[in-house]
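Below: the structure, in structure tokens.
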């Protein structure tokens, strides 16, 4: 098995929470992603063995959901919203800017493995459109100019932990609403931040 | 509960089963609703939207998919309204957005639901001008199945079949949206014993088989319904031939037997019929070499042999003859010899079975109504694949499953109890009395039980089976299937006066060697664990006459070899399956070369002997078979069996004549069994599946492998100078300390499993030097 003991233990803990093993598939895929940054075929084999379904069934689920990445992503996953609210607030300019800076098309990763660019559907920040996510940490009220400075900052500092509130403070514009919970922990990889899977940054 | 209710379809009132889906209820009343994804034997998904119909709802008329809508009383349905037509046109226009219009080069064209329904319900033209989806074409998803993904309309029939019915979901949808495709996991091919069914139920030409691809157009095919004689299940099949060549076998939905499905061996193990190496002329061995001899000369020579040795003529029969041919041999033997003759059947798993009057005989449908199914037999997935599907189906519908023995581990996941090495020792003897098995007791006492009982291994002593059967018979309402798995074994039991096994043959022939031995469609040297003994006996016999399709290890020892017709498609007759259900075997292709059917050969021989023959034609023989048969109400004559009311076959009673007295006495040190695919002479000569049975391997669990100081991978198997290279594979379902040998691999039967066999890993240097 290509998973170490610690990861297997963690997986077994997750599996135990469900009456049927196969129900743990979703969280296990996140666990796999926390390991590699994407769902590798090796991980699929491990998961299939752990929960007793075939590899291709795991593959089927993992390729259906777009947040399970099928290929390694860069250090920073840039998700720009292209849904209606953002679109009418000029997200296409933001997208154009991102593409200009990174030179990437949709779902591409640069050669250095720093940026992955994707266009996504609604990320739930319509009030603060246009919105953009760095490693799933949301910044609202973006303009092409703030996008440029955001990228300059990312390139220069290459921060390990990305925290939404910090990004918002530095580069964001209008906010949809005051977020109830201060999100200070952020994420440490280009995967969603889950406390369970050790993908959140340390809280400040 | 099922209840007939009134519904109104297209203004006509019909009676419909309130438990059925609308699409099925309409079908029953002759109203066809177009569909792609819905299949009678699969769960509905409502995937394709082709079956949209308009129903009246409290909020007015609404379009609903009829494959996910159940019949309700007074439902008003319109299947042909303008709205429905528009919906159907829309669905088809969408489906044809990406479906290539390559019908002229597509195998499905001519029998393609998409093509047919586009003609009947389609819009006539498309507004789509953009580029269609493209995929690499075709990709092989297994050794025998090919997939053209751009043709796929994502109906999920194949993926549902492999998940729901065969239980080996190795194909699934991957990706999503307009990128969705059916595929396997990399390096995990769709190696299912039932994969051919997906080709048959695919409503477009996306799935094709290597066997039939580009071989014929459907409108050129001749078709006839027949019965598969591959195992004792006796699936109803449709034979397709063109220009006198067998090209395809399809499953036919026989509700009582195979319900439309076939195993891949039944489906593809016919290609040997067209094989160049098939026997076409009679052969005589002259100076250790076979030379062609005319049938007339052959009959003359045999005549003299038989006349001189009237009581010393014996018969070793294979299991692939028709009832009529068994009856013919029976008659033949009675006519040429003064004493009653025994027939030896080439099947290592033969024993007297459980046919006593106080044990009632099961049908497959009993599996569905039973409270509990108890299995102790050889692996049914390997040897009776469609019975395996029926068991799975029954368990899915709530029947309890209890398995004894180390076989049938593929059913372990759905079995409530799997009694393996804790309860049963390495020679398949019970370590515990059945009444002491609490779960078994609870599941059996006072319940309806259907048991599938047979030898788990050629070496198994039937004592423990007796214990189990008498326990079940005393404590439950038992119906039993004797799981003899080879071909038309049950026809042999019914139509021969006395059937014996190979251990009997060894014992009997050692005492009294026959002068003339007829070996008919049997290859015991290539398939029996008694091969060494049998070889030495056969070598001593003066005159062996082999009637067969090919030259193989056994008839290489013969003095005369006579080409025969194959039961697959070259003769007419009847077949009796494991439930004693008789059905018809039909002919669709002519005899190759000078091949005869068994009864033609026998009647020629008899008339040369000056005996009167009253079984010249297969029809006369059939009348005889039907007369002798137990079921006198529904006689199994061709005429009766051809009636549509007898489509499911006729259950013909259970009088059997098995008289085995000797058994293999050695205790096996190894766990042996037969796999579906093997090195049989027919499979070897069927191109598309020959490779599937040729790989040599043995299996053991990891701890056994470690205990023996071995590693999984290439190994040598060695005993008494026979050294074969093989693969050692880890299989955790094999009990501790046992090594599993699939005995239908080339030369594996030559090992003496009662003695130690040396297994050693092949080192890397050896592998290199071999290469």
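The values are calculated or read from the model by the stated rules, or taken from the named source; none is laboratory data. The structure presented is a predicted model; accordingly, all values stated were derived computationally and were not measured. Don't worry about glycine lacking a Cβ; one is built from the backbone with ideal geometry, like all the others, and counts go over all protein chains shown.
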Those strands (runs of 3 or more DSSP E) lying entirely in the range B:224-315 with at least 1 residues out of contact with any strand residue (DSSP E or B) (no Cβ under 7 Å at 6 or more places or on another chain): B:245-251, B:282-286, B:289-293
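A quick yes/no check of all residues on (1) free of Cβ contacts under 8 Å to residues at least 60 places away in the same chain; (2) within 28 Å of the chain's Cα centre (by Cα):
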site: B:399; (1), (2): yes, yes
site: B:403; (1), (2): yes, yes
site: B:411; (1), (2): yes, yes
site: B:415; (1), (2): yes, yes
site: B:418; (1), (2): yes, yes
site: B:421; (1), (2): no, no
site: B:450; (1), (2): no, yes
Residue B:228 touching a residue at least 24 places away in the same chain (Cβ under 8 Å) and within 14 Å of chain A (Cβ to nearest Cβ): no
Unique residue being modelled with pLDDT of 95 or more, surrounded by fewer than 18 Cβ atoms within 10 Å (Cβ to Cβ) and either touching a helix residue (DSSP H, G or I) at 6+ places or on another chain (Cβ under 6 Å) or not assigned by TED's automatic domain parsing to the domain that holds residue B:233 (or both) when the list is B:439, B:448: B:448
Single match in B:68, B:57 (criterion: closer than 24 Å to residue B:198 by Cβ and surrounded by fewer than 20 Cβ atoms within 10 Å (Cβ to Cβ)): B:68
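For (1) assigned by TED's automatic domain parsing to the domain that holds residue A:84; (2) surrounded by 13 or more Cβ atoms within 10 Å (Cβ to Cβ); (3) part of a helix (DSSP H, G or I); (4) at pLDDT 95 or above, each residue gets a yes or a no:
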residue	(1), (2), (3), (4)
A:138	yes, yes, no, no
A:141	yes, yes, no, no
A:156	yes, no, yes, no
A:159	yes, yes, no, no
A:166	yes, yes, yes, no
A:176	no, yes, no, no
A:180	no, no, no, no
A:184	no, yes, no, no
A:189	no, yes, no, no
Residue list for the range B:205-244, filter: closer than 19 Å to residue B:115 by Cβ and buried (at least 24 other Cβ atoms within 10 Å of the Cβ): B:205, B:206, B:207
Some residue of the range B:601-614 being in contact (Cβ under 8 Å) with a residue 40 or more places away in the chain, surrounded by fewer than 23 Cβ atoms within 10 Å (Cβ to Cβ) and under 28 Å from the mean Cα position of the chain (by Cα): no
Check on residue B:111, touching a helix residue (DSSP H, G or I) at 6+ places or on another chain (Cβ under 7 Å) and farther than 30 Å from residue B:8 by Cβ: yes
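Return yes or no: is residue A:101 within 14 Å of chain B (Cβ to nearest Cβ) and either over 16 Å from the mean Cα position of the chain (by Cα) or surrounded by 23 or more Cβ atoms within 10 Å (Cβ to Cβ) (or both)?
In short, no.
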Number of positions in the range B:451-478 that are in contact with a helix residue (DSSP H, G or I) (Cβ under 6 Å, 6 or more places away or on another chain) and in a loop (DSSP other than H, G, I, E, B): 1
Candidates B:58, B:34 - the one that is outside the structural domain of residue B:159 (by TED's automatic domain parsing) and in contact with a helix residue (DSSP H, G or I) (Cβ under 9 Å, 6 or more places away or on another chain): B:34
Residue count for the range B:362-389, restricted to those that are touching a residue at least 40 places away in the same chain (Cβ under 8 Å), in a helix (DSSP H, G or I) and within 16 Å of the chain's Cα centre (by Cα): 9
Count - residues of the range B:405-432 that are touching a helix residue (DSSP H, G or I) at 6+ places or on another chain (Cβ under 7 Å) and within 11 Å of residue B:464 (Cα to Cα): 3
Exclusive hit being assigned by TED's automatic domain parsing to the domain that holds residue A:146 and surrounded by fewer than 22 Cβ atoms within 10 Å (Cβ to Cβ), set A:132, A:84: A:84
Residues (surrounded by 15 or more Cβ atoms within 10 Å (Cβ to Cβ) and in contact (Cβ under 8 Å) with a residue 40 or more places away in the chain) located in the range B:104-124: B:106, B:107, B:108, B:109, B:110, B:112, B:113, B:114, B:117, B:121
Check on residue A:25, closer than 24 Å to residue B:183 by Cβ, more than 14 Å from chain B (Cβ to nearest Cβ), modelled with pLDDT of 95 or more and out of contact with any strand residue (DSSP E or B) (no Cβ under 7 Å at 6 or more places or on another chain): no
Residue ID - nearest to the other protein chains (Cβ to nearest Cβ), chosen from residues in the range A:28-71 that are more than 14 Å from the chain's Cα centre (by Cα) and touching a residue at least 40 places away in the same chain (Cβ under 8 Å): A:45
